[in-house]
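For reference, the structure discussed in these notes is given below.
The values are calculated or read from the model by the stated rules, or taken from the named source; none is laboratory data. The structure displayed is predicted, hence computed values, not measured ones. Please note: Cβ atoms are built from the backbone with ideal geometry, for glycine as well, and neighbour counts cover all protein chains shown. For accessibility, only protein heavy atoms count, side chains too; no ligands or nucleic acids. Shrake-Rupley method; radii C 1.70, N 1.55, O 1.52, S 1.80 Å.
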Amino acid sequence: MPSICINDALTDDELRSILSKLENDKDRDIFGLVCKRWLLLQSTERKKLAARAGPHMLQKMAARFSRLIELDMSQSISRSFFPGVTDSDIAVIADGLRCLTVLNLQHCKGISDKGMMSIGGGLSSLQSLNVSYCKKLTDKGLSAVAEGCQDLQVLHLDGCKFVTDKVLKALSKNCPNLQELGLQGCTRVTDCGLADLVSGCRWIHFLDINKCSNVGDIGISNVSEACSSSLKTLKLLDCFRVGDGSILSLARFCKNLETLIIGGCRDISDESIKSLATSCGSSLKNLRMDWCLNISNSSLSRVLAECRNLEALDIRCCEEVTDAAFHGLGTMGTEMRLKVLKISNCQKITVTGIGMLLDKCNSLEYLDVRSCPYITKSVCDEAGLQFPDCCRVNYTGSLNEPDVLL
């Protein structure tokens with residue numbers, strides 16, 4: 001019986017069907033080593049790629065991986081090279097990889113507005129863009145992205161210090177499906193910009209405005225009302241203009257809020273936190289309020305009692321909190337789900353309070369008690385505290401912190 005060559009027996013569609021059943025990238029790469037035909041099929045079907053290449057190699061890459069959907073060209077902050085990714089590289093990508101929906105250019109410091117205009121002009125299907133810490137970018141280039149990439153759902157602009165309210169207005173006008181926006185450190189963004197943003201983008205579920213020092217209660221109130229059903233994560237670290245008005249607005253409108261970061265917002269008081277705990281008790285999972293100096297036992301005890309799904313809590317440097325905040329745990333009928341608790345520099349909390357917590361919390365995985373003079377390892381051992389087997393207790397700063405509340 002004559003032998004039959006597999007390439008004669010199988011069509012391209014049949015080979016693609018076989019390729020689709022290979023679950024990991026290594027097996028898919030091995031598939032491409034069989035022959036040139038299989039390599040071409042494997043290349044054209046590849047969806048994701050991380051690359052470090054200049055314009056010449058990018059042109060070859062675009063020809064080979066013509067159906068690429070996700071491209072990661074981000075640079076490491078600790079190992080960046082000069083000039084790295086340039087506007088010429090972006091022009092090649094925008095011209096040759098028009099199917100891209102996800103593009104990561106984080107820390108690509110050589111990119112300017114010219115590169116953003118190429119993206120806006122060539123990548124109309126783009127849904128996710130990360131240009132965090134591309135420090136040359138301004139409103140001009142990013143507005144071009146908003147105008148040309150109207151399917152955009154995820155945009156990260158962290159550390160882009162020249163971004164102003166004009167970009168938020170362009171997003172509002174052109175990108176109604178925007179769901180995730182990162183603006184950390186964009187200090188030129190104001191309450192007016194947030195109001196413009198949510199007038200058109202009403203489905204935002206993740207908003208990071210950490211260290212946006214010109215944002216206050218008016219802007220946050222506009223966001224909470226406009227995105228009331230969708231907002232799940234809000235980050236407001238060191239937004240010193242944010243106060244009780246913001247928290248009360250979140251409590252009134254955002255019943256699905258899961259993560260709230262308000263560390264360093266020193267004007268927030270017990271009354272608004274109690275209102276938040278009551279309104280968002282069933283949804284809230286992560287709460288960071290370190291350096292909120294007006295927080296005391298009354299609001300913390302309400303949080304512990306009402307927020308039954310809470311998994312991570314940070315109250316570092318809340319100096320008024322004492323063991324009394326944990327007294328109500330004894331009356332709770334169910335176990336707490338808390339996994340991460342940070343109480344460093346809460347100098348009035350003792351092993352008595354930690355003991356009450358442990359009686360109701362077997363899921364604790366990380367406890368930060370640095371600079372708590374009454375909670376040292378020797379004191380805990382002497383008191384006979386029994387921590388869960390999986391729990392790491394950070395007494396001195398020698399342990400890596402989980403990043404859930406960053």
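The table below gives the values:
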| quantity | calculated |
| --- | --- |
| Filter result for Ile354 (crowded, with 22+ Cβ neighbours inside 10 Å and either touching a Pro at 6+ places or on another chain (Cβ under 9 Å) or within 24 Å of Val393 (Cα to Cα) (or both)) | yes |
| Extreme residue, nearest to Leu405 (Cα to Cα), among residues of the stretch 229-258 that are surrounded by fewer than 20 Cβ atoms within 10 Å (Cβ to Cβ) and hydroxyl-bearing (Ser, Thr, Tyr) | Thr233 |
| So Ala146, is it part of a helix (DSSP H, G or I), farther than 23 Å from Gln184 by Cα, open to solvent by less than 10 Å² (accessible area, probe 1.4 Å) and at pLDDT 95 or above | no |
| All positions within the stretch 266-307 that are in contact with a Ser or Thr (Cβ under 8 Å, 6 or more places away or on another chain), open to solvent by 50 Å² or more (accessible area, probe 1.4 Å) and within 22 Å of His205 (Cβ to Cβ) | Lys285 |
| Hey, Gly121 modelled with pLDDT of 95 or more and open to solvent by 30 Å² or more (accessible area, probe 1.4 Å) or not | yes |
| Test for Leu178: is it touching a helix residue (DSSP H, G or I) at 6+ places or on another chain (Cβ under 7 Å) and within 21 Å of Gly216 (Cβ to Cβ) | no |
| Those helices (runs of 4 or more DSSP H) lying entirely in the stretch 47-133 with at least 3 residues within 25 Å of the chain's Cα centre (by Cα) | 113-122 |
| Residue tally, condition outside any loop (DSSP other than H, G, I, E, B), of a type in the set (Ser, Thr, Tyr) and surrounded by 15 or more Cβ atoms within 10 Å (Cβ to Cβ), over the stretch 359-406 | 1 |
| Residue list for the stretch 193-224, filter: out of contact with any Ser or Thr (no Cβ under 7 Å at 6 or more places or on another chain), assigned to a helix (DSSP H, G or I) and either surrounded by fewer than 21 Cβ atoms within 10 Å (Cβ to Cβ) or in contact (Cβ under 8 Å) with a residue 40 or more places away in the chain (or both) | Ala195, Ile218, Asn222 |
| Filter result (part of a loop (DSSP other than H, G, I, E, B), touching a Ser or Thr at 6+ places or on another chain (Cβ under 7 Å) and over 19 Å from Lys285 (Cα atoms)) within the stretch 308-346 | Glu320, Val321, Ser344, Asn345 |
| Residue in the stretch 89-98 that is out of contact with any strand residue (DSSP E or B) (no Cβ under 8 Å at 6 or more places or on another chain), among the acidic types (Asp, Glu), at pLDDT 85 or above and open to solvent by 40 Å² or more (accessible area, probe 1.4 Å) present | yes |
| Pick from the stretch 124-143, criterion hydroxyl-bearing (Ser, Thr, Tyr) and open to solvent by 50 Å² or more (accessible area, probe 1.4 Å), ranking: farthest from Gly84 (Cα to Cα) | Ser124 |
| Selection count, the stretch 321-340, where residues are surrounded by 18 or more Cβ atoms within 10 Å (Cβ to Cβ) and either within 18 Å of Ser298 (Cα to Cα) or among the hydroxyl-bearing types (Ser, Thr, Tyr) (or both) | 6 |
